[in-house]
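Visitor: Sharing a structure below in structure tokens format, with a few things to ask.
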Amino acid sequence: MLMKILSKSPSQTEEIGAKLALQRTQGKFQQKQAIIIALEGELGAGKTVFVKGFAAALGVKKGIRSPTFNLMKRYPIKAIGHRPLAISYLYHLDCYRLNSGKELEALGFKEIVSDPRNIILIEWAERVKDALPRKYVKVHIDHVDETTRKLQIFNFQF
Ligand SMILES: Nc1ncnc2c1ncn2[C@@H]1O[C@H](COP(=O)(O)OP(=O)(O)OP(=O)(O)O)[C@@H](O)[C@H]1O
Ligand SMILES: [Mg+2]
């Protein structure tokens, strides 16, 4: 596990998302596929809040909301300041309505995963596990109380 952290507010969850975004996009890009962040947790856990903070750190400040009605959304990423970014797109998926990863095929998911310039954040990733590659980061969020969430971040490499 990378870390386990208690968030006391939505903005703190956004901040944790932002930190992970910066951590994952700093330094040399050596990966051969897209960076994948698999988000798990019940309805209202804070997955979308996390994605909002993550995306904001990469300059995507508008438009992030639960894409329940359009399964997948794509946002272009531009260089931030003078730090050149080797990323071209952030993809945000919400797989709540899916029953297997097969249903992602029609969206060209395989091609999106195979491009190392992409970052893909997947809500309800547990529903499409069969479509995930061997290497990804898992973010599991649990309710503690109305304003507290437990976040666990894992680095997966099978
Ligand atoms: N510490 C916290 N972190 C994140 N969200 C919090 C926190 N405390 C309260 N909340 C609230 O919990 C809700 C989280 O909603 P969000 O849409 O991010 O959940 P979700 O996991 O994406 O749900 P869904 O499965 O429906 O997509 C928001 O209303 C947010 O304000
Ligand atoms: Mg959501």
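Matching residues to (1) touching a residue at least 24 places away in the same chain (Cβ under 8 Å); (2) of a type outside the set (V, I, T); (3) surrounded by fewer than 16 Cβ atoms within 10 Å (Cβ to Cβ); (4) over 13 Å from K47 (Cβ atoms):
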residue	(1), (2), (3), (4)
Y91	yes, yes, no, yes
K102	yes, yes, yes, yes
R127	yes, yes, no, no
I141	yes, no, no, no
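Visitor: Tell me which of these I119 doesn't satisfy, since it passes every other one: (1) touching a residue at least 60 places away in the same chain (Cβ under 8 Å); (2) out of contact with any His (no Cβ under 7 Å at 6 or more places or on another chain); (3) within 15 Å of ligand 2 (Cβ to nearest atom).
Guide: Among (1) touching a residue at least 60 places away in the same chain (Cβ under 8 Å); (2) out of contact with any His (no Cβ under 7 Å at 6 or more places or on another chain); (3) within 15 Å of ligand 2 (Cβ to nearest atom), the lone unmet condition for I119 is (3).
Visitor: Within region 6-24, is even one residue near ligand 1 (Cβ under 9 Å from one of its atoms), part of a strand (DSSP E or B), under 24 Å from E126 (Cβ atoms) and of a type outside the set (S, T, Y)?
Guide: yes
Visitor: Here's something else I'd like to know. Within region 46-85, take every residue that is at pLDDT below 90 and outside any loop (DSSP other than H, G, I, E, B) and give me the one that is farthest from ligand 2 (Cβ to nearest atom).
Guide: Among residues in region 46-85 that are at pLDDT below 90 and outside any loop (DSSP other than H, G, I, E, B), the one farthest from ligand 2 (Cβ to nearest atom) is R83.
Visitor: Just to be sure before I move on: is K61 surrounded by fewer than 22 Cβ atoms within 10 Å (Cβ to Cβ) and basic (K, R) in the structure I sent?
Guide: Yes: the conditions hold for K61.
Visitor: Test A21 against the criterion of being surrounded by 13 or more Cβ atoms within 10 Å (Cβ to Cβ), away from ligand 2 (no atom under 13 Å from the Cβ) and under 15 Å from the mean Cα position of the chain (by Cα), and give yes or no.
Guide: Yes; evaluated as a whole, the condition is true for this residue.
Visitor: Do we have any residue at all in region 30-41 that's among the basic types (K, R), more than 9 Å from ligand 1 (Cβ to nearest atom) and assigned to a loop (DSSP other than H, G, I, E, B)?
Guide: Filtering region 30-41 down to residues among the basic types (K, R) leaves 32.
If we keep only those that are more than 9 Å from ligand 1 (Cβ to nearest atom) as well, we get 32.
Cutting the leftovers down to assigned to a loop (DSSP other than H, G, I, E, B) gives us 32.
Scanning region 30-41, I find at least one residue that is among the basic types (K, R), more than 9 Å from ligand 1 (Cβ to nearest atom) and assigned to a loop (DSSP other than H, G, I, E, B), so the answer is yes.
Visitor: Within the set of pairs 6 or more residues apart or between chains, which connect a residue that is closer than 17 Å to W124 by Cβ inside region 51-64 to a residue that is assigned to a loop (DSSP other than H, G, I, E, B) with Cβ atoms less than 6 Å apart?
Guide: As it stands, the answer is V51/I64; K52/I64, since those pairs meet every condition given.
Visitor: Would you be able to tell me the number of residues in region 108-137 that are of a type in the set (K, R) and under 18 Å from T25 (Cβ atoms)?
Guide: 2
Visitor: Within region 24-44, can you find the residues that are modelled with pLDDT of 90 or more and either surrounded by 14 or more Cβ atoms within 10 Å (Cβ to Cβ) or in contact with a His (Cβ under 8 Å, 6 or more places away or on another chain) (or both)? Step through it out loud before you land on a result.
Guide: The first filter runs over region 24-44 and keeps only residues modelled with pLDDT of 90 or more, leaving 33-44.
Selection gives Q33, A34, I35, I36, I37, A38, L39, E40, G41, E42, G44.
The values are calculated or read from the model by the stated rules, or taken from the named source; none is laboratory data. This one's a predicted model, so the numbers in the text were calculated from it and none came from an experiment. Note: ideal-geometry Cβ built from the backbone for every residue, glycine included; neighbour counts use all protein chains shown.
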